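Read the structure below first, then the notes.
Bear in mind these aren't lab numbers, they're just calculated from the coordinates by the rules spelled out. These numbers were taken from a predicted model, which means no experiment stands behind them. Cβ placement follows ideal geometry from the backbone for every residue including glycine, while neighbour counts extend to all protein chains displayed.
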Amino acid sequence: MGWQKVDGLLTQLAVGRGNNVWGVNAQDNIFRYINGTWRQVQGAATYVGVGADGTVWVVNRLNQIFTWVDYAWIQIFGSLVQISGKLLLIVGDKTHVWGVNNASVIYFRINGDINTNNLIWTPVFGSLIDVSVASDGTVWGVSSTHDIYKWAGYDWIQVGGKLKQIYVSSRDLIVGVNDNNEIFQYVNNTWHQLDGSFRYVAISIDGILWGINNGSEIFTRQDNLISQIDSNNNSQTINHGTNDSQSNSNIIIGLAMGLGLTIIIFSIAILIIVRHYKKASILRVT
């Protein structure tokens, strides 16, 4: 289907499920995408994170953290410059939020309770400038040297490639952009380039892609490499079915030819036996 332009200008956006998209512009205004239109939401932020369950978190220019509850922003203890919040299904219905601060220190929120206290944010060893956590618990990040890392539950594992920004919605839906604004999707343990040029990219849990270019223009597309591969696999399956039919036809033809040859040989054998019997009878009469 390709990239389709969406009205509006944003500096950053986040998407949960389907078209549950939130974003911020250069004036720190917050917007929510509703029925094909950007609707401004009260408050000011420089970064927004949206969970698969609809949870929304933002960070403002003072690095203060807020979460959206009952149509109002509630401030959360802590100080982050970038957050990524998703519903982690592996811990039931608790909302976990990961983020980094100005010193590139990584934190995660250990439960979904919005009550503020010092024990809720837990530091994670390592240093990242960008982090993204998926609804299935998958966590990826990018370092200051644009190296890519995946959280193994106890350690960061480096993944080949270089990206300046990464976005994860599941263990199978991972996208990012490099220094040249080239877009990549991680499929079958390999980075595959997508068409287009964006400085920021996101993907929903159901595979819908969103991107922002250098002019802050917004684009979206319904297909991604996973859906393309599935489509190709379906086509291959259909082709395999055709080959199987041809093979079955060849088998039937072969069996028929073999049966016909057997009948011919059997008939010749009977004819020889009959002739031999007649000759033997003539000799006895004489």
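Values for this structure:
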item	result
Under 13 Å, Cβ to Cβ, from Asp147 - net charge with Lys/Arg +1 and Asp/Glu -1	+1
Net lengthening on full extension, Thr37/Leu62 (0.36 nm per residue, minus Cα-Cα)	6.1 nm
Ala26-Asn188 FRET efficiency (beta carbon distance; Förster radius 51 Å; 0.05 resolution)	0.85
Taking Ile212, Ile65, Ile157 and counting other C-beta atoms within 10 Å, the order from fewest to most	Ile157, Ile212, Ile65
Residue-span extension gain [Lys162 to Phe125] - 0.36 nm each, minus C-alpha spacing	11.2 nm
Net charge over other residues, Cβ less than 12 angstrom from the Cβ of Tyr47 (K, R count +1; D, E count -1)	-1
Three-way shape call for region 139-228 based on the alpha-carbon gyration tensor, with the a/c threshold at 1.5	oblate
Counted charge near Asp130, where neighbours are those whose Cβ lies closer than 14 Å (Asp, Glu -1; Lys, Arg +1)	+2
Ascending count of other beta-carbon atoms within 10 Å, so fewest first, for Phe31, Phe77, Phe198, Phe219	Phe77, Phe219, Phe31, Phe198
